[in-house]
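Heads up, the thing below is written out as structure tokens.
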4 protein chains.
Amino acid sequence: MPNEEKRLGWVGAGRMGLELVTRLLEAGCDVAVYNRTRAKAEPLAELGATIVDTPAELGDRDIVFTIVAGPSDFTQVVTGPEGLLSGDGRHPSVIVDSTTISAEASAIVRAEAEKRGTALLAAPVSGNPKVVKAGRLTMVTSGPEQAHELALPYLNVLAGGGVTYVGDGERARLVKVCHNLMLGIIAQTLAEILVLGEKGGISRSAMMEFLNNSVLGSTFTRYKTPAYVNLDMAPTFTPALLLKDFDLGYEAARELEVPMPVATAAQQVVQALIGHGYTDVDFAALIELQAEASGLELEPEGAPVSDGLGQAA
Amino acid sequence: MPNEEKRLGWVGAGRMGLELVTRLLEAGCDVAVYNRTRAKAEPLAELGATIVDTPAELGDRDIVFTIVAGPSDFTQVVTGPEGLLSGDGRHPSVIVDSTTISAEASAIVRAEAEKRGTALLAAPVSGNPKVVKAGRLTMVTSGPEQAHELALPYLNVLAGGGVTYVGDGERARLVKVCHNLMLGIIAQTLAEILVLGEKGGISRSAMMEFLNNSVLGSTFTRYKTPAYVNLDMAPTFTPALLLKDFDLGYEAARELEVPMPVATAAQQVVQALIGHGYTDVDFAALIELQAEASGLELEPEGAPVSDGLGQAA
Amino acid sequence: MPNEEKRLGWVGAGRMGLELVTRLLEAGCDVAVYNRTRAKAEPLAELGATIVDTPAELGDRDIVFTIVAGPSDFTQVVTGPEGLLSGDGRHPSVIVDSTTISAEASAIVRAEAEKRGTALLAAPVSGNPKVVKAGRLTMVTSGPEQAHELALPYLNVLAGGGVTYVGDGERARLVKVCHNLMLGIIAQTLAEILVLGEKGGISRSAMMEFLNNSVLGSTFTRYKTPAYVNLDMAPTFTPALLLKDFDLGYEAARELEVPMPVATAAQQVVQALIGHGYTDVDFAALIELQAEASGLELEPEGAPVSDGLGQAA
Amino acid sequence: MPNEEKRLGWVGAGRMGLELVTRLLEAGCDVAVYNRTRAKAEPLAELGATIVDTPAELGDRDIVFTIVAGPSDFTQVVTGPEGLLSGDGRHPSVIVDSTTISAEASAIVRAEAEKRGTALLAAPVSGNPKVVKAGRLTMVTSGPEQAHELALPYLNVLAGGGVTYVGDGERARLVKVCHNLMLGIIAQTLAEILVLGEKGGISRSAMMEFLNNSVLGSTFTRYKTPAYVNLDMAPTFTPALLLKDFDLGYEAARELEVPMPVATAAQQVVQALIGHGYTDVDFAALIELQAEASGLELEPEGAPVSDGLGQAA
């Protein structure tokens, strides 16, 4: 638990938000929470959270964390009429944002916040709610170094897997984009080689077992194993969201003049996935399209595979 | 250590071979070793190995492991005039081969061996000598299940990271090809995103730190970190060897009629890497070509990065 | 020559503009010309053109053609303070624009023009000044059909190769983008196969002769033959301009949700071409990069090859 | 008509063969024809051909042309027991082969023929039977220059569009492979941009009209127009045959160490086309897969489009 106790605020009690704020509460932090649909935040009261009705009520908190649906929500909760910075009185010293938004949208809010004396720390994360629960979330931050230092004890509570500070401005947003390009490429690579293996007589569970144990195995390949092997395509992240990340990557690559032959090849497949009608599914459905393109009919293997995240602590 | 002690033979004392046979010797196994250049094998005598002068002298061993330079050497040591199967007397029950060879070459030797009552277990591995030393090598096997069962106690000594049996015939060769396609794709993906990040102001060490901690981090991304960050391009695996694996992948994909949009995009980059003159270097030189294609001059960062493999035990 | 004679205006006397307006003048049309640098337009006076000092002076012309450097110039000459629509008096019935601009920029000017009763006909062309001279320029138009009908007799003078009307709005801009994607892909395809052929012992002049004669031969492959064979890389169209077209194609593809596996593969090569420092050259320099990536040193062949456009009339 | 009259032989009266030999007969040449199914060749007797029962009976002809189904047929008709070179007596001076076969297969037959004093001229062509009829076939040859010179007067009769000699050996085979790579890439490019255009409101007939008129228009784009516009997918060339050409291209590229980023991207799409079940159709079905991948349902446009080959002479 952090030494010097700051008063914390939290905006956004979606699936990720709930897991994250729970970690702070369990570490004994003082947290006030706002969520558009208040009912979703209320279970947190039992863990000691104060629930408030507007972001403005979090204005007197030292550090406020935000993780909302997208750039317009983020802008609204920070600079909107009832936003964090709307009051005349005290404003938070630091806003720590983990929303998936572009560098451009982040920069606009950053400038607004700085005018009112509030620092913005961009703080994208790697992991899903189960990863948070397993204590293995990782985070990358950018913005004023002082803001990072101030928030770090709390970031370490949130991100058991590590926190990397990458300097000023929106750099952390770009790091997250790079991370998601790699995630999308690996997802398509798995689709290609699992189908190749299966047509060669190798079950998907055997291939994934070997890969997961191998030097290439990662938390990601392990937690996607049930989807690829047993074809559970309940969406954790849709093809459209993945494509959005590829778009951000493409825009960064164009602006910075970097060719991306492998990333764009993967991007086109994700676009095709959507065109073929795989919209309301997990992006692991890449394997379904890959199988169709290979004249293979996939069946769930019904194999007892682990997602590698174990029981939640 | 295995319960019922078999008499083991070993062919091939290159860098991988030395590390592997050392593990067997340290586990107390009875191993006789043949290497074309006898001097290279001799240090193993101090650990208890018997050194022999021809593969034929290993004919009376129960299980013989082979890991040599390529298909022609493999064929020679097994079916050649002084090969494992050349004598009239006893032949090994099982040959366990970890050489990088095609399914076709393996199948020919397998048929020859079976005629003489010897089972061939194809046993490719994932990892380099440092991974072996760290006890994290993984192995995939195919061939007669009985042969796998017989060898398994010893395979577990060699491959601390796990052994996956994938059925009859040459399937394990295909699994290894799939593994290496993924490895090559990830290598090029890292090149693309590290250069994108660097042009956006993010050091390669910071990007790798975040990725290594993230859900995408793997033993592979960690042990390539020094190469990508500090540009140590001393070859562990050359572009030509990586291209050879892509070729095997392409051939399998054509035969099995599987499109590989991302794998072939990466393959073309590896081909271009060679054309641009990056031949006597590690395949991590992909980042050098990527930087050139992005108008970026790379400098070693001189950052204190780990390869994640720790001190050798 | 058109039956009913309209009074014509012309904005833009660059290399393309000069060739085009010359055709109108030679066909006996009444044309007044504006060019920012008046001196460049003056030679046209000898062919019967009236030279004016501001676009506004063309306000009383029936049809005004524009072909300028880009969107900002186009907006300026149409809706700027001294623009075509700036006067209180008569405005042209139709503006026919052949500038390379995005659909978005075109739509903004179109709306402005329509408010003042002037129709905008988007009219991109296929061909360079030598193609115009050879009477083989082609044009695609979109906008109000009536505007197209009114202008058609003059369009036919300009575009000896044919005029295709594709309906309302900015569609013609998209057709041009598609055309340029194909052009860029063919340029890279030629690079790939010429280098493949050369490494197989076939001179570039022989390969181009066969291709140009074959069912795949086009005006484009013929007029790029001198560049590919004799490596004359004096820029007719730079890599950056080609990349801009690929960007427009990418944006259209994303908006319309169309995967473009081949177009994006070519796009990445063009991006790499720029990164490798091929900036102030013709985009045919794609063959230089392709040769480098293949370990081949190119030499001009010095072969007497034709560009297929014959002597200028 | 050639000056000095040679006695000609012809093997292969498929669709291409019939059109080609007809041109020789109409030019007044003396031609003896062999076809496995004799009945198919018989209509040629009315035009003056002699019909024979075995290739061996063509042994006394000066020049024999071959165009058969593939490498095994070609080997059979040349070096088989009743082949062209089987008799003890005279053998042709030159065999001119236009079969689609690999350089390797061609080289084997070439060596056999040379032993018996017969020169092999590799002579692949560009065009289909309608292109032959329109007098626009083109041909590329390689082999001994003297053989080329001897045959040239007759080659000019066959290939109204031009004959290009590219030197010794199998080079002409590689030129043809390059030609077909380009053809496949253009076919996929048309699929991509036609679907992009259609989703942007542009009919396929309008897009093709503009492209065909433009500097990018070729005999090929024109003769594929009915397929792309009206979706007549009766096979002229199947996806499997196109993929075979991409394979030959890939093999050449690997051997000659040339990266082919655009060609391999197209190749993967052709492989996917087959996997998606488009097997017994024309390769223009690439547009069907492209439409599916874009969420677009294609309808035949029923537009009166020309294939650009006009009435057969």
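Taken together, the values in this text are just the output of simple stated rules run on the coordinates, not laboratory data. Here the structure is a predicted model, which means the values were calculated and not measured. Note that we place each Cβ from the backbone using ideal geometry, even for glycine, and neighbour counts take in every protein chain shown.
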Self-check item: Ascending list, in nanometres, of distances separating the residue A:111 label from those of the other copies (7 Å, Cα toward Cβ)
Solution: 2.3, 7.3, 7.3
Quiz item: Can you pull the Rg over Rh of the range B:21-88, Cα-only, Kirkwood?
Solution: 0.96
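Just want the ordering: D:225, D:37, from fewest to most Cβ atoms lying within 10 Å of their own Cβ.
Numbers: D:225 25, D:37 9.
The order, fewest Cβ neighbours first, is D:37, D:225.
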Quiz prompt | Exposure proxy order (Cβ contacts within 10 Å, fewest to most) of C:220, C:210 | solution = C:220, C:210
Practice problem: Please report which chain A residue places its beta carbon nearest the axis carrying chain A onto chain C, with the distance rounded to a whole angstrom. | Solution: A:264, 2
Quiz item: So what's the angle, to the nearest 10 degrees on a 0 to 90 scale, between helix B:145-158 and the longest Cα principal axis of chain B?
Solution: 60
Quiz item: To one decimal in nm, how far is residue A:88 from the same spot in the other copies, if labels go 7 Å from Cα toward Cβ? Please give the shortest first.
Solution: 5.0, 11.1, 12.1
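Please identify the longest segment of chain B free of exposed GluC sites (Glu not before Pro), where exposed means a DSSP state other than H, G, I, E or B and no more than 15 other Cβ atoms within 10 Å. Numbers along the way, then the final one.
Details: sites that count: B:4, B:5, B:82, B:297.
Longest site-free region, per DSSP loop and neighbour criteria: B:83-296.
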Quiz item: Once the mean 1/r over all distinct Cα pairs of chain D is inverted, what Kirkwood radius in angstroms do you read off?
Solution: 20.6
Quiz item: What lysines sit close enough to residue A:130 to cross-link, taking a C-alpha to C-alpha distance under 17 Å and skipping anything fewer than 8 places away on the same chain?
Solution: A:224
Quiz item: Summing Lys, Arg as +1 and Asp, Glu as -1, what charge do residues with Cβ under 10 Å from the Cβ of residue B:32 carry, residue B:32 excluded?
Solution: -1
Practice problem: Among the aspartates and glutamates, select those whose C-alpha is under 19 Å from the C-alpha of residue D:6, and discard any that sit fewer than 8 residues away in the same chain. | Solution: D:26, D:30, D:57, D:60, D:62, D:97, D:145, D:149
Quiz item: Which distances in nm, rounded to one decimal and ordered from shortest, link the label point of residue C:304 to the equivalent label points in the other identical copies, with labels set 7 Å from Cα toward Cβ?
Solution: 4.6, 7.2, 8.3
Exercise. Express the relative contact order of chain B as a whole percentage, based on alpha carbon pairs under 8 Å and six or more residues apart in sequence.
Key: 13
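Over the range A:63-118, what is the relative contact order in percent, taking alpha-carbon pairs closer than 8 angstrom and at least six residues apart?
Numbers: 66 pairs, mean separation 24.7, N = 56.
Relative CO of the range A:63-118 lands at 44 percent.
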